[in-house]
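See structure below.
The values are calculated or read from the model by the stated rules, or taken from the named source; none is laboratory data. This structure is a prediction, so every number in the text was calculated from the model and none was measured. Note: ideal-geometry Cβ built from the backbone for every residue, glycine included; neighbour counts use all protein chains shown.
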Amino acid sequence: MGNIKKMGVVGSGQMGSGIAQLAAVHGLDVWLLDTDPDALSRATKSISNSIHRLISKGHLTKASNNLSLYSFCCFPAVGAEALRRLRCTSNLEDLSAADVVIEAIVESEDVKKKLFNELDLITKRSAILASNTSSISITRIASATTRPSQVIGMHFMNPPPIMKLVEIVRGADTSDETFNVTKALAERFGKTVICSQDYSGFIVNRILMPMINEAFFALYTGVATKEDIDTGMKLGTNHPMGPLELADFIGLDICLSIMRVLHAGLGDGKYAPCPLLIQYVDAGRVGRKRGIGVYNYAKVTEPVKP
Ligand code: NAI
């Protein structure tokens, strides 16, 4: 189980494309799968641009036996090698030889369970099946498979090639071996690992999402403008992004799904999603990825009124 050479990544959106990039840059053969061919072509373009950007800034180079980010000389062949190791597909069977599969599809328990059930049937028995879920129970996802000891949460932060943290989540039956192999893989990618038990939202989103939801309530109840809410949290608490900007960056649909998981899983009214967040998602204003969320990215100089 420990010798990870081939990886499957399911879902080629913001997170899946970044995870695939990270794995290819660190020497793994990667199959990136999406049901939407347009998402695959967007992912290929964004991975290629991102690798070239990292190379041109001198952040991506070959250091001894490892590929390492954040060193000082350029080695453009690294980018070409990484891109060669990355293949796209819409056919799940292509993932059958993977040593590990990381799922980064829509944040829905039913959809994830269906996928894990299919992955369980087509991947080799030794493969680890990991989920990048932000909040959904790993134990319940694992219940859709016949190998719950090999199912684990591997929660990357956005964007995966840059952010230094991976939150590893152990389901009720995750084995020590699965945990150790997953931790070693995250460390091979240059990440710092934290370990969470399997409770809704884990560590990071248990704390972050209620803050973002509260920022929506502050906007909804007219406490302040979106700009003042964001400036308040940036300059007042030294956060690099304000909570509303960050919500747009994450995706309001993802934020809403996570709040719903927290509300259902922890059973406390304080986690009820803000009506304004729900309304924005209903209106298709899901953030940067669609060009409009709390802010309008098509016309940055003229923000849309809430
Ligand atoms: P996204 O909406 O950018 O991408 C999801 C992709 O999955 C889409 O391209 C879609 O076509 C594809 N997809 C949906 N169902 C599929 C299926 N059954 N089979 C194959 N492909 C399928 O979403 P994003 O932001 O990349 O999030 C993905 C996962 O990562 C979610 O579970 C989310 O909670 C988690 N996550 C998101 C973060 C963020 O900041 N956006 C941060 C950390 C985790």
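From the list 166, 151, which residue is in contact with a Gly (Cβ under 7 Å, 6 or more places away or on another chain), in contact (Cβ under 8 Å) with a residue 12 or more places away in the chain and either closer than 27 Å to residue 289 by Cα or crowded, with 20+ Cβ neighbours inside 10 Å (or both)?
So the residue among 166, 151 that is in contact with a Gly (Cβ under 7 Å, 6 or more places away or on another chain), in contact (Cβ under 8 Å) with a residue 12 or more places away in the chain and either closer than 27 Å to residue 289 by Cα or crowded, with 20+ Cβ neighbours inside 10 Å (or both) is 151.
If I ask for residues that are more than 12 Å from the ligand (Cβ to nearest atom), of a type outside the set (Asp, Glu) and closer than 20 Å to residue 285 by Cα, which ones from segment 236-263 would you list?
Once the filter is applied, which keeps residues that are more than 12 Å from the ligand (Cβ to nearest atom), of a type outside the set (Asp, Glu) and closer than 20 Å to residue 285 by Cα, segment 236-263 yields 242, 243, 244.
Hey, among 254, 212, 258, which residue is of a type in the set (Val, Ile, Thr), outside any loop (DSSP other than H, G, I, E, B), touching a Pro at 6+ places or on another chain (Cβ under 7 Å) and touching a residue at least 40 places away in the same chain (Cβ under 8 Å)?
Sole residue among the options that is of a type in the set (Val, Ile, Thr), outside any loop (DSSP other than H, G, I, E, B), touching a Pro at 6+ places or on another chain (Cβ under 7 Å) and touching a residue at least 40 places away in the same chain (Cβ under 8 Å): 212.
Among the residues of segment 147-172, write down those that are in contact with a Lys or Arg (Cβ under 9 Å, 6 or more places away or on another chain) and farther than 21 Å from residue 188 by Cβ.
147, 171
Of the residues 182, 231, which single one is among the polar types (S, T, N, Q), free of Cβ contacts under 8 Å to residues at least 24 places away in the same chain, assigned to a helix (DSSP H, G or I) and more than 20 Å from residue 261 (Cβ to Cβ)?
231
Report yes if some residue within segment 190-197 is hydroxyl-bearing (Ser, Thr, Tyr), surrounded by fewer than 20 Cβ atoms within 10 Å (Cβ to Cβ) and within 19 Å of the chain's Cα centre (by Cα); otherwise report no.
yes
Any residue that is closer than 26 Å to residue 286 by Cβ and modelled with pLDDT of 95 or more - is there at least one of those in segment 66-88?
There is at least one residue in segment 66-88 that is closer than 26 Å to residue 286 by Cβ and modelled with pLDDT of 95 or more.
Among (1) in contact with a His (Cβ under 9 Å, 6 or more places away or on another chain); (2) over 23 Å from residue 111 (Cβ atoms); (3) not aliphatic (A, V, I, L, M), there is one condition residue 131 misses while meeting the rest; what is its number?
(2)
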